[in-house]
Amino acid sequence: MGFQGQLSSVNLTDIFQTLGMNRQSGTLAVTATGGSAQVYFNGGLIVSCTAAPVNELPFLLHTLMSRGLLDAAQAAEVNARAQAAGENLREQLLADGTVPEIDLDEVGGWCMEESLCPLFEWKDGEFAFHDGVITAEVQAYDSLNLGVNSLPTQQLVLEATRREDEWKRIREVIPDTASYFVVDNDGRANLRNVDSDPEMLKVLRYLDGRHTIEQIAPAVGISRFDAFAIVAQLVLANIARPRTPQEAVDDALELRSSGDLAKARELLELTQQQFNVPEVLRPLAEISIQLNQVPRAVELYLELIQRAQDAGDLPQAIADLDTII
């Protein structure tokens, strides 16, 4: 017998624990502002689940590539064959012998935890459990499937609970998830005070003030949680710091000079969302014009005109109005 409800009244921890303790079989569907997911339980154990793609590749293939178990050509070939045959990627990989089963089991379990743990952060949304049913979404070729294996439900709940507690500490250090971080000379001098590992070294290469942590995680092949935890550790050790608005403007102008207008605009847009400072407006408006994004450019120039009028700088207001016209 199935059941359904609102996440605002019942949290996912209780739902997963109930399904595990009662050894139920069926599909749990969860929908919230952050997205949607479906999880198939067999006898209270997690056997398969949906997973969002990363960089337009199924999550499993992206992870295998990031760990050096597949190259890009192999991943594309396996993806095309599995999709055409409607066969799950795990089965296709095992049939091909492309990845050793022991590695596939380890990576598949890791991917499942990384896909499901973020669901426990969802506090608003809906859930529905369909008793004895395995949906088409969970059987899709790109879903995560552990085959004859399974993920113990209590193990997932404990990991999700640990991460939830850690997220509270991370958010105290990184309140804005869209922040850009840099490592300057002072920060590099402090590197000797921490024990670095391969994952930290990978993250450090991307702390150039041009990548958000959300972008860094898939780029280096680690989870979103681990990426934020590493950056928070680096901030607390006075190695990394948030990029200032003026630094972002200077870098955007350098990108603009080199012809990378899209990256320059992205950098300025996120900086403006974070700080809402006037020095970002003009270069952002000019780049928007270059990219032929007229509505956004007009919006920015109107704000510049208003700011000039408020400051009593009528010549500048008139000049910006002429630009719009």
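The values are calculated or read from the model by the stated rules, or taken from the named source; none is laboratory data. None of these values were measured; they are calculated from a predicted model. Backbone-built Cβ (ideal geometry, glycine too); neighbour counts: all protein chains shown. Accessible surface areas use protein heavy atoms only, side chains included; no ligands, DNA or RNA. Shrake-Rupley method; radii C 1.70, N 1.55, O 1.52, S 1.80 Å.
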**Q.** Solvent-accessible area per residue for segment 186-325 (1.4 angstrom probe, square angstrom)
**A.** 52
**Q.** Accessible surface of segment 280-325 [probe 1.4 Å, protein heavy atoms]: carbon and sulfur percent
**A.** 57
Q: Pull up the cross-link candidates among the lysines for residue 263, meaning alpha carbon to alpha carbon under 24 Å and not fewer than 8 places away within one chain.
A: 202
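Only Lys, Arg, Asp and Glu count, each charged at its Cβ (+1, +1, -1, -1), so figure out the dipole size of segment 51-101 about its Cα centre, rounded to 20 debye.
Approximately 100 debye in magnitude.
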Q: Taking a cut-off of 23 Å between Cα atoms, list the lysines near residue 123, but don't count ones fewer than 8 places away on the same chain.
A: 168
Q. (i) 75, 38, 38; (ii) 74, 45, 41; (iii) 53, 44, 41: which one is Cα extents along the principal axes in Å as calculated from this entry?
A. (ii)
Q: Report the full-extension gain for the segment residue 131 to residue 21: residue separation times 0.36 nm, less the Cα-Cα distance, to one decimal in nm.
A: 38.1 nm
Q.
Report the Cα centroid-to-centroid distance between segment 148-166 and segment 21-35 in angstrom, as an integer.
A. 14
**Q.** Span from the segment 49-79 Cα centroid across to the segment 280-301 one, whole angstrom
**A.** 37
(Q) Please report the carbon-and-sulfur percent of the accessible area for segment 1-158; probe 1.4 Å, protein heavy atoms only, DNA, RNA and ligands left out. (A) 51
